[in-house]
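The values are calculated or read from the model by the stated rules, or taken from the named source; none is laboratory data. Everything numeric here is computed off the predicted structure, so don't read it as measured data. Here the Cβ is made from the backbone with ideal geometry for all residues, glycine too, and neighbour counts use every protein chain on show. These accessible areas exclude ligands, DNA and RNA; they are computed on the full protein's heavy atoms, side chains included. Shrake-Rupley method; radii C 1.70, N 1.55, O 1.52, S 1.80 Å.
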Amino acid sequence: MNLRLLACAAVLAVSGCASTPPAPANVADGVFVGANGMTLYTFDKDTAGSGKSVCNGPCATNWPPLMAAAGAAASGDWTVITRDDGKAQWAYKGKPLYFWVKDQKPGDRTGDGFNKVWQLARP
């Protein structure tokens, strides 16, 4: 009987974990990084909670957005915003997230403080 209860508890625990979607970014050395290990940034000109990115066109060429896959759903502090081009982008606590084109390898943080408006994205 106890073995059966233990097996049921294990199944419930696993199914409960499986229903939680993974975060769209990881944390490395106190900052968010994409699945590729590259540092993520926020843009001070983006208004948290507006559901918009003001970094479009040439800005987005230099600061590529952390794109969300089709059908991606908000979870906890993570939301999906729709960009001006209609594509989906991840935001954390309402702030859209971006990569910096001049970061060359995981761990680079050369965009931090750029033009005094780009910041490391932190949990």
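Details
- Euclidean distance of C-alpha centroids, the range 29-60 and the range 76-109, integer Å: 4
- FRET efficiency for residue 28 and residue 72, using Cβ-Cβ distance with R0 set to 25 Å, rounded to 0.05: 0.70
- Computed from backbone phi, the HN-Hα couplings of the range 80-87 come to 10, 10, 9, 6, 4, 7, x, 7 Hz, rounded to whole numbers (Karplus: 6.51 cos²θ - 1.76 cosθ + 1.60, θ = phi - 60°; Gly and Pro given as x).
- The listed residues 67, 38 rank as 67, 38 when sorted by accessible area, largest first, using a 1.4 Å probe.
- Here the accessible area is traced with a 1.4 Å probe on the protein chains. For the range 50-123, carbon and sulfur cover 54 percent of it.
- Peptide ranges 39-47, 93-101, 109-117 listed from the most packed, as the mean C-beta count within 10 angstrom indicates: 93-101, 39-47, 109-117
- Residue-span extension gain [residue 36 to residue 62] - 0.36 nm each, minus C-alpha spacing: 7.7 nm
- In the full protein context, the range 34-123 carries 53 Å² of accessible surface per residue, based on a 1.4 Å probe and ignoring ligands, DNA and RNA.
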